[in-house]
Amino acid sequence: MSAAIAAAFISAPTFAQINVTDDTGALAYAKEALLTTDEIGTTGYYAVSDAGTDLNVEAELGFGVSAADQVWVRVELTNAVFTADLLDTDLDLGGGVSDIEIAQGGLEEGSFVVYAITTDANYAQDALVTLALTSLGIKANAPVSVTYSLYESGSGAAAGGATDRLATASYASAITVGNALVVEFTPEDATADVETSFLEFTAANGTLTANLGTVEVSADTDFLAVNSDPVTLADILDDATSTVSPAGNFSFGLDGGATFYFDADAACDSQDFLVLDVNDEVVDQALADVNGAALCVDVTGDEADAYSIPESTYTAGLDFEPVADAVYPVTTATGAFGSIDRNGTVVEVPFLSTYAPYNQRLVMVNRGSSSAAYSITFTEEAGNVATGLTAATGTLAPMETKIIKATDVVSLTGATRTAATITVVAPENEIDVATTILNNDTGSADVTVHN
């Protein structure tokens, strides 16, 4: 090999994307976008293409050569194949007009090619060798590596080893395949206000409406579709036939109660897509309609205050319709919107009796530093009427212990027992509730702690 004269060397600018010398220009394709119709024969390789230069392979020559020298370039792929026979003109050296022809390989479904080059001028070791590729067959489960080598003999290039090799460079993950589908839930929480008997939300939630969060399905544009454009959701699934199925406690939206709906506006001021149909059944929503929209609830319509707002967590199941002929079709996903909580303290007392010999009392303690209003409601058995008395509502002063006879809390007609719900406008950790029974018939005493 004759020595190259550096002053006369020719060098060319870079146009290719995959540079195995610098390990730059890596490509990542969306796994969900690969199509069975693009399989190369029955090899398990799937075609990706590019109308520009994204799939071109380039490397520095790696060794200076003089005019009229003969060298051989070998480009070898791992986990990829050519989708068509290569041409002599697919290889370029430094933008010159060297005599270049395929010496070996370069066939459809092959994974290497050797070019014989007779140089037209002096080329420096950093001159670019470019192999133009408009398509490749890649595997879905293994990265593509590319190896470039320069040889001073055809036999060395054909063997592909170290013999007669002048330079070499490899790019271990030049092309990768990954999951591009992104499902992102953004939960929002709401608080039903104890001071409205849980008929409205706190002011922070807008009182009558609440945003319970969004779900957004998208394609990660760091990945490419099979045509090497940034992948879009349409390359992965059909959002018109894919569905979002919300779940949670919708009971207070029945029979003209609250309204659940999806709204494109996070302010929940437009009831775009109703969650419950006229039969109070949950409606599966088309992803195209509710993608990125907020799940909302509006209690304005519950004019009769028939339903108090319960605590609940809201979720969704997503049923995807993948693109036709997908090799790895997307199917389903799940996630959570936000939840509705209640402020204050709610204590269930399953047994409250006005039976005289029991002498039952209700004990409430406020351990907080602020006064706390309370109210007591009752669950009536069939044939029994419970009427709250004066002591059924009131205020617990800071650090107060209040002991109230059951007969001062409720008047019962038809029976002497009921269940009670005590609601206190104070944090749960500041309120204690218990009941006591001093049985005058047996002389026994019983204390039950409820909170």
Any lysines with Cα under 23 Å of the Lys139 Cα? List them, leaving off those in the same chain fewer than 8 positions away.
Lys31
Cα-based Kirkwood hydrodynamic radius, the chain, one decimal, Å:
28.4
State to the nearest 20 debye the size of the charge dipole of the range 157-210 about its Cα centre, where the only charges are +1 on K and R beta carbons and -1 on D and E beta carbons.
720
Toward the positive end of the charge dipole of the range 199-272, about the Cα centre and with charges on Cβ (Lys, Arg +1; Asp, Glu -1), which of Thr214, Pro246, Ala266 goes farthest?
Pro246
At R0 = 51 Å, how high is the FRET efficiency between Asp88 and Ala247 if r is their beta carbon distance? Nearest 0.05 is fine.
0.25
Please compute, for the alpha-carbon atoms of the range 305-390, the extent along each of the three principal axes and give them in descending order in Å.
77, 42, 26
Working out 0.36 nm times the residue gap between Ala445 and Thr37, then minus their Cα-Cα distance, what length gain in nm do you get to one decimal?
138.8 nm
When the Debye formula is applied to the Cα atoms of the range 195-239, each taken as the same point scatterer, what base-10 log of I(q)/I(0) results at q = 0.19, 0.28 Å⁻¹?
-0.64, -0.98
May I ask you to derive the FRET efficiency for Leu389 and Thr334 from their Cβ-Cβ distance with R0 = 41 Å, giving the value to the nearest 0.05?
0.25
Note down the relative contact order for the chain as a percent, whole number, built from C-alpha pairs under 8 angstrom at least six residues apart.
14
Taking the Cα centre as origin and putting +1 on Lys and Arg beta-carbons and -1 on Asp and Glu beta-carbons, what dipole magnitude results for the range 198-253, to the nearest 20 debye?
360
Against the empirical 2.2 N^0.38 Å scaling, what ratio does the C-alpha Rg of the range 386-451 come to?
1.24
Rounded to the nearest 20 debye, what is the charge dipole size of the range 45-154 about its Cα centre when +1 sits on each Lys and Arg Cβ and -1 on each Asp and Glu Cβ?
340
In nm, the gap between the two label points placed 7 Å beyond Cα toward Cβ at Ala140 and Asp341 is 4.3
If each Cα of the range 41-193 is one equal point scatterer, what is log10 of I(q)/I(0) from the Debye formula at q = 0.09, 0.13, 0.20 Å⁻¹?
-0.34, -0.60, -1.25
With viscosity set to 0.890 mPa s and temperature to 25 °C, compute the Stokes-Einstein D of the range 193-329, Rh being the Kirkwood radius across alpha carbon pairs; µm²/s, no decimals.
149
What is the sum of charges around Tyr328, taking Lys and Arg as +1, Asp and Glu as -1, for the other residues whose C-beta is under 9 Å from the C-beta of Tyr328?
0
Column: log10 I(q)/I(0), Debye, Cα scatterers of the range 294-451, q = 0.15, 0.17, 0.20 Å⁻¹:
-0.90, -1.06, -1.27
Once every DSSP H run of n ≥ 4 in the chain is given -39500 (n - 2.57) and the sum is divided by its residues, what mean residue ellipticity at 222 nm do you get, rounded to the nearest 500 deg cm²/dmol?
-500 deg cm²/dmol
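Readers should treat all values here as calculations from the given coordinates under stated rules, not as data from a laboratory. Everything quoted here is computed from the prediction, not taken from an experiment. Counting neighbours? That spans all protein chains shown, and the Cβs are built from the backbone with ideal geometry, glycine included.
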